[in-house]
């Protein structure tokens with residue numbers, strides 16, 4: 001029977017991990033389908049267009065059209081339109097919109113304006129390539145993240161993230177209206193039918209956090225009979241990539257694999273994690289986390305290529321099988 | 001006292017003529033301002049973006065950034081985004097959207113979505129360059145032109161114009177909702193204060209026609225104390241450029257300078273024209289049109305460069321002075 005693997009996350013770290021899962025499934029000849037519940041809370045309206053960074057990183061990476069050197073966006077990108085938008089003043093100069101990427105944003109916005117849901121937009125965008133995985137937005141409802149600053153003001157997450165490189169001290173993150181959001185049918189259905197659930201090494205605060213904050217989704221995960229295994233995005237006290245450390249600091253969580261695991265919580269104590277994979281540099285976290293009810297293993301966490309990514313996926317699935 | 005020159009029209013023919021007026025004003029050292037009442041009825045929503053061909057032709061030409069070889073769009077244009085939109089299926093393959101041009105469309109759409117009027121969008125777009133003329137939409141209300149076909153169906157004007165090169169036999173043009181449209185304040189004000197009004201050699205049916213069809217604008221022109229002089233876009237029974245002949249045929253008007261003048265009508269008989277400039281090839285039209293009350297003169301109509309365009313503008317202003 002087809003094994004249903006569900007990955008929770010968004011962005012480049014998640015994309016690499018899902019590619020690893022896809023690669024492992026292919027190499028091992030598994031009868032499996034992969035569903036990804038994607039964060040939508042870093043989506044943004046800019047220049048009248050809806051941008052969806054976490055989704056598009058997944059889309060482009062799974063399609064094999066991503067810029068692997070730069071680490072984001074489309075390969076072979078140019079920025080002619082973006083330069084015009086900067087002159088017109090509708091897009092800030094610090095936010096680069098590639099020309100090929102803008103095609104995606106224009107199409108997405110056109111479809112949203114026609115009344116399509118975010119889920120339907122995901123399907124249309126995903127139909128262009130053989131992704132080997134199905135992407136579902138955590139919610140079809142529009143969520144934008146704002147960052148609370150020390151002076152009491154707030155700015156949009158993308159301004160904080162891209163313009164200020166997450167260097168403005170933050171005191172928290174707010175997703176306005178998330179309390180009224182509903183899980184998308186695809187996300188809810190994937191979790192409902194999951195045989196195994198994997199938390200990608202995505203940003204725990206601004207990528208995985210908002211997914212868990214969509215009313216009903218955390219509960220669906222906690223209540224699922226499927227094992228849940230998370231993969232740390234932090235190795236030896238430092239983020240593998242991105243700026244999750246700034247996000248963790250803002251909400252008072254230490255930048256360590258152990259602290260993130262405790263943030264997610266042990267399944268047996270009402271949390272999410274049955275299992276947790278940390279880097280070999282974090283071996284000292286294993287014993288305390290096991291004592292806390294989270295089966296923790298050290299594995300090679302760095303996803304450098306297809307081999308290492310597939311190996312990490314295999315390790316995650318093995319741990320899920322073992323804790324089942 | 002500053003002379004207020006108002007030009008009515010839209011598109012490339014109008015752009016060349018307005019450039020001629022601007023050039024003549026500069027060369028003659030006239031104290032004059034130029035206002036252009038621009039057709040909006042060939043505007044179009046495509047791929048979720050608002051396109052305004054008649055306006056943008058004027059904008060780019062007056063700014064000196066138009067593609068003079070191709071005859072439309074921006075100079076140095078590329079089409080990377082357009083190729084993406086064709087793949088996504090949101091823009092038809094027969095409608096080319098240049099990358100630089102798309103910057104304009106994205107900015108315009110962003111501003112419209114923010115709630116700006118078309119007039120305000122014109123001002124923002126026009127502020128980028130020294131245009132030497134102020135552009136006003138005929139109306140801020142959204143108008144799209146549909147073409148009635150012989151089989152009783154209808155298609156959007158742009159599809160008929162661009163995809164079918166105006167070769168599908170048409171039986172008429174409909175601007176849905178135009179009867180509820182109101183003149184923009186800029187257009188109404190310019191006409192109200194005009195010292196001279198010039199009808200550009202634009203398409204009389206689909207560029208000048210919809211301007212006149214905005215309730216109140218034809219009446220404002222007819223009631224204006226300013227002389228109205230038109231410039232024929234037809235020379236020797238053929239259109240100078242574009243496909244106005246197909247539009248004229250659709251509404252049963254002969255493709256001739258005389259027929260278009262009669263379509264506009266003599267001022268003394270409730271029509272628009274005090275004066276009418278035709279090409280030297282159409283000398284036989286002069287006498288009958290004068291008999292009909294339209295002071296008609298033959299002049300060199302071809303606008304090949306700054307000299308010939310400025311000369312034509314001077315001829316039009318001279319005729320306006322003579323019929324005043």
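Each value in this text was obtained by applying a stated rule to the coordinates, not by laboratory testing. If you're wondering where the values come from, they're calculated on a predicted model, not measured in any experiment. Positions of Cβ are generated from backbone atoms using ideal geometry, with glycine treated the same way; all protein chains shown enter the neighbour counts.
For the protein assembly as shown, the antiparallel share of DSSP beta bridges with both residues in that region comes to about 35%. Sorted from closest to farthest, the other copies place their residue B:169 label points 7.9 nm away, with each point set 7 Å from Cα along Cα→Cβ. Sorted ascending by nearby beta carbons within 10 Å, beginning with the fewest, A:176, B:55 become A:176, B:55. Each residue of the stretch A:219-324 gets 103 Å³ once the volume of the Cα convex hull is shared out per residue. Mean projection of the Cα convex hull over all viewing directions, computed for chain A: 15.8 nm². Averaging the Cα positions of each part gives two centres, and for the stretch B:121-161 and the stretch B:247-324 these lie 24 Å apart.
Taking only the alpha-carbon positions of the stretch B:170-217 and ignoring solvent, what does the Debye formula give for the base-10 log of I(q)/I(0) at q = 0.20 Å⁻¹? Scattering profile of the stretch B:170-217, log10 relative to I(0): -0.77.
With neighbour counts taken as other beta-carbon atoms within 10 Å, the residues B:54, B:223, B:99, B:305 rank, fewest first, as B:223, B:305, B:99, B:54. With neighbour counts taken as other beta-carbon atoms within 10 Å, the residues A:14, B:247 rank, fewest first, as B:247, A:14.
Remark: relative contact order (the stretch A:1-57) = 44 percent; criterion is Cα-Cα distance under 8 angstrom and separation of 6 or more residues.
With a 10 Å cut-off around each Cβ of A:75-83, the average count of Cβ atoms from other chains is 4. The stretch A:66-119 and the stretch A:1-44 have Cα centres separated by 24 Å. Converting the Cα gyration tensor eigenvalues of the protein assembly as shown into ellipsoid dimensions via √(5λ) gives semi-axes, longest first, of 64, 23, 19 Å. Helix A:53-63 and the longest principal axis of the Cα set of chain A meet at an angle near 70°.
An ellipsoid equivalent to the stretch A:101-168, defined through the eigenvalues of its Cα gyration tensor, has semi-axes of 30, 14, 12 Å when rounded to whole angstrom and sorted largest first.
Give me the percent relative contact order of the stretch A:60-208, please, defined on Cα pairs under 8 angstrom at least 6 residues apart. That works out to 17 percent. 7 Å along Cα→Cβ for the label point: how many nanometres lie between residue B:243 and each equivalent label in the other copies, listed shortest first? Distances between equivalent label points, in nm: 5.2.
Structural descriptor for the stretch B:185-324: relative contact order 22 percent, calculated from alpha carbon pairs under 8 angstrom and at least 6 residues apart. The mean number of partner chain beta-carbon atoms within 10 angstrom of a residue's beta-carbon across peptide B:46-52 is 4.
From the largest down, the stretch A:122-214 spans 44, 28, 24 angstrom on the principal axes of its Cα atoms. Once the Cα atoms are used to define both axes, helix B:11-28 deviates from the longest principal axis of chain B by about 50 degrees.
The sum of -39500 (n - 2.57) across all DSSP H runs of n ≥ 4, divided by the residue count of chain B, sets its helix-only mean residue ellipticity at 222 nm to -11000 deg cm²/dmol. Of all beta bridges that DSSP places with both ends in chain B, some 35 percent have antiparallel geometry. Under the simplified labelling scheme, the residue A:241-residue B:307 pair shows an inter-label distance of 6.2 nm, with each label point 7 Å from Cα along Cα→Cβ.
Counting only alpha carbon atoms, the long axis of helix A:99-114 and the longest principal axis of chain A meet at about 90°. Using a simple spin-label model with pseudo-atoms 7 Å out from Cα toward Cβ, residue B:93 and residue B:27 lie 4.6 nm apart. Counting every alpha-carbon pair across the stretch B:54-159, the share separated by more than 18 Å comes to 59%. Projecting 7 Å from Cα along the Cα-to-Cβ direction, the label point of residue A:124 sits 2.4 nm from its equivalents in the other copies, listed shortest first.
Between A:130, A:192, A:254, the residue with the greatest mean-square fluctuation in the GNM of chain A (Cα pairs under 10 Å linked by springs) is A:130.
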